[in-house]
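The values are calculated or read from the model by the stated rules, or taken from the named source; none is laboratory data. Because the structure is predicted, anything quoted here is derived from the model rather than measured. All Cβ positions, even for glycine, are placed from backbone atoms using ideal geometry, and neighbour counts span all protein chains on display. Just the protein is used for accessible areas: all its heavy atoms, side chains included, with ligands, DNA and RNA removed. Shrake-Rupley method; radii C 1.70, N 1.55, O 1.52, S 1.80 Å.
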Amino acid sequence: MTNDDASADAPALRVGFVPGVTPTKWERKWGERFPGQRLELVVVAQGEQDEALRSGRVDMCFVRLPIDREGMHAIPLYREVPVVVVPKDHPISVYDEVSTADLADERVQDTADLDAAVGAIELVAANVGVAIVPHSIARLHHRRDVVFRTVTDAPDTQIALAWPIEATSDTTEEFVGIVRGRTERSSRSPSGREATGEQSKRSTQKPQKQGSGRPAAGQRAGAGRGRTAGGRNGRRRGR
């Protein structure tokens with residue numbers, strides 16, 4: 001497809017995205033490259049990402065893995081750093097990062113369903129435990145009465161671009177190219193080859209520092225003393 005091929009009468013490419021993903025940069029690049037073809041962005045609850053793709057509600061979707069890979073292309077894009085959300089005056093708030101051992105005595109809210117993360121964070125604000133979520137989710141639902149800190153040894157989450165194999169077209173290939181950073185003059189690679197053997201990038205963005213009176217940047221809970229604030233045993237974990 002070229003710019004001349006795009007038509008104002010062509011159906012819009014419907015691209016879904018789960019909460020925490022920010023697709024505006026790809027939307028902008030698409031508009032610059034294909035001004036004649038509309039790109040429609042659709043917010044998709046994480047619990048509905050498979051259904052949205054298989055029902056045709058969206059043509060492609062930025063999903064949070066895992067998904068059912070049967071009949072699907074899925075290109076891993078980047079990893080999300082896990083953070084713990086705590087009340088603003090919590091002892092953990094004075095550190096830049098912690099380990100799961102530092103949270104052993106905490107009541108950790110169930111955030112397996114990230115669509116309910118806002119409720120979990122409201123409970124944290126009410127001093128009912130803490131919550132571990134992807135960094136993007138913590139930023140999306142940030143409140144003034146909570147802070148979030150990197151958890152060094154909690155599992156990452158991964159964002160991927162997925163679409164049904166049977167729905168592969170020149171249009172979907174062009175969008176894949178934009179997401180992967182290919183220029184207009186770059187040749188496309190078949191989706192099957194792109195969707196395998198890819199090295200995913202871990203997000204290097206760290207949570208914004210908040211509060212005051214913290215140790216030097218990079219200090220972890222428990223580093224340099226036998227016990228963490230609040231009486232928990234602290235362990236400094238090597239990278």
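Brief remarks follow.
- Selection status of Asp115, in contact (Cβ under 8 Å) with a residue 60 or more places away in the chain, open to solvent by 30 Å² or more (accessible area, probe 1.4 Å), part of a helix (DSSP H, G or I) and not assigned by the TED database to the domain that holds Val43: yes
- Hits in region 44-59 (condition: touching a strand residue (DSSP E or B) at 6+ places or on another chain (Cβ under 6 Å) and acidic (Asp, Glu)): Asp59
- Counted residues, region 97-112 - those being in a loop (DSSP other than H, G, I, E, B) and in contact with a Gly (Cβ under 7 Å, 6 or more places away or on another chain): 3
- Evaluating Arg14 against the criteria (1) more than 20 Å from His73 (Cβ to Cβ); (2) surrounded by 13 or more Cβ atoms within 10 Å (Cβ to Cβ); (3) not aliphatic (A, V, I, L, M) leaves one unmet condition, (1).
- Scanning region 142-162 for residues that are more than 9 Å from Pro82 (Cα to Cα) and in contact with a strand residue (DSSP E or B) (Cβ under 8 Å, 6 or more places away or on another chain) returns His142, Asp145, Val146, Val147, Phe148, Gln158, Ile159, Ala160, Leu161, Ala162.
- Criterion (part of a helix (DSSP H, G or I) and open to solvent by 70 Å² or more (accessible area, probe 1.4 Å)) met by exactly one of Leu123, Leu53: Leu123
- Residues within region 126-149 that are buried (at least 18 other Cβ atoms within 10 Å of the Cβ) and either of a type in the set (A, V, I, L, M) or in a strand (DSSP E or B) (or both), tallied: 11
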